[in-house]
1. Cα gyration tensor of segment 253-403, axes a ≥ b ≥ c as square roots of the eigenvalues: rounded (a/c below 1.5), prolate (a/b > b/c) or oblate?
2. Once fully extended, how much extra length lies between Asn61 and Leu352, figured as 0.36 nm per residue of separation less the alpha-carbon to alpha-carbon distance?
3. Return the calculated 222 nm mean residue ellipticity for the chain, to the nearest 500 deg cm²/dmol, obtained by summing -39500 (n - 2.57) across DSSP H runs with n ≥ 4 and dividing by the residue count.
4. Report relative contact order for the chain in percent, whole number only (criteria: Cα-Cα under 8 Å, sequence separation at least 6).
5. Please figure out what share of the DSSP beta bridges in the chain is antiparallel and state it in percent, rounded to the nearest 5.
6. Which residues make up the longest stretch of the chain that has no GluC sites (Glu not before Pro) in a DSSP loop with at most 13 other Cβ atoms within 10 Å?
7. Mind listing the long-range amide H neighbours of Ile231? Cut-off is under 5 Å, sequence gap 5 or more, other chains count too, H placed in the peptide plane at 1.01 Å from N.
8. Multiplying the sequence separation of Lys293 and Val144 by 0.36 nm and subtracting their Cα-Cα distance, what value in nm do you get?
Amino acid sequence: MKKEVYITDYNCITPLGFDVSSNWNALVEGKSGVGLHKIIENQKPFYASMIDSEKLDNEFNIFFDSPQKSEIQRLANDNMSFTRLEKMFLLSLKPLVERHLISEETALILSTTKGNISLLKNQETLPESVFLSNLAQKLADFFVFLSNLAQKLADFFGFQTKPIVVSNACVSGVMAISVAKNMILAGKYKDAFVVAGDEISEFVISGFNSFQAIGTKICKPYDKNRDGINIGEAAAAVYITSKRDENEKFSFKILGDSAINDANHISGPSRTGDGLFASINNAMTEAQLSAEKIDFISAHGTATIYNDEMEAIAFNRMNLQNIPLHSLKAYYGHCLGASGLLESIISMESALKNTLIPSKNFEETGTSQPLNIIRENQSTEIKYILKTASGFGGCNAAIVLEKC
């Protein structure tokens, strides 16, 4: 009998809420986490989706009174308290770890694009208990390494296996699900916790600014009048296992996955959509599904001209142009390594609620080939989901999920 792999639990920390239900309610009401923020001195405010730091600290202080309090205190006493991003990771993972056992065959997979990169510049974000500048710099250097960040999270929760880092630009969140699925199928692990996160930093903003990709207003994916992305930040976590528990409230089978690099350009997507087309084709072939079986597509949809156009071409090549499709970027901004996992979670919640969420701000088609963009909340039966992502360096990824 073929082994099957399921997502049976999830959580998220975003500007719209610190759990899935609050995020879902906000989305149904059409609320967006995107607003004007001044992040870089001597620069005008711009549209981004940022988590309220005071609320984050308050939630973390509540977390401080949890069973993990002694471990938090030990780390603090060792001059190793937590960065803002690490707090986001810990809060997103906490409820899942409390509901599922960690064994010697449980994996921890971390998805992030930049991790603690803000430590390299913003020394004020270092733990307050660190006073000596040379020690501060050593700690900054240490925790900027993604492997060390992952190990810190693993040690905190008591994982016995060496954590895995998936950092492949903006497809990282989707790829992390694929890595978990394939390692469980290969017998390397029995189950896995996947956590993804990125925060807004001056480094990331400067990078996208150099491409003139930052939008001047709340983004409008696939729309004729779109003018660029909004940066966002979030953390999200899922639990993946090959053993379904009858007590689980839900489960989604990971039917197929694929990641293809088209090697087109360091930042520009393929004009023919080759990489995304191949990723979708491979994932759907493994899932043994034809295009008409897909109930809806959670697309990448960054609201840049080249990305949106490339996606439209790839979806049409796969005969998916009539399948309801949305992008969540106008709600959450582009959350980099967290976006794929967060958007997968919202997709599964959509299936559980049998409700399609509209692609916010879309008014008029702005791609050369047609897409069935969701314009308003719709009630419909959802069983099969296609989630896609694309990113710098020509990377593309796709997964197919089935509601069980």
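1. Rounded is the answer for segment 253-403, as its axis ratio a/c remains below 1.5.
2. Going from the current span to full extension adds 101.6 nm.
3. The helix contribution divided over the chain gives -10500 deg cm²/dmol.
4. Once divided by the residue count of the chain, the mean separation gives 23 percent.
5. 70
6. 129-245
7. Amide H neighbours of Ile231, under 5 Å, 5+ apart: Ser49, His334.
8. Additional length available on full extension: 49.3 nm.
Only the coordinates and a few stated rules stand behind these numbers; no lab work does. The structure displayed is predicted, hence computed values, not measured ones. With ideal geometry, Cβ positions are generated from the backbone for all residues, glycine too; neighbour counts draw on all protein chains shown.
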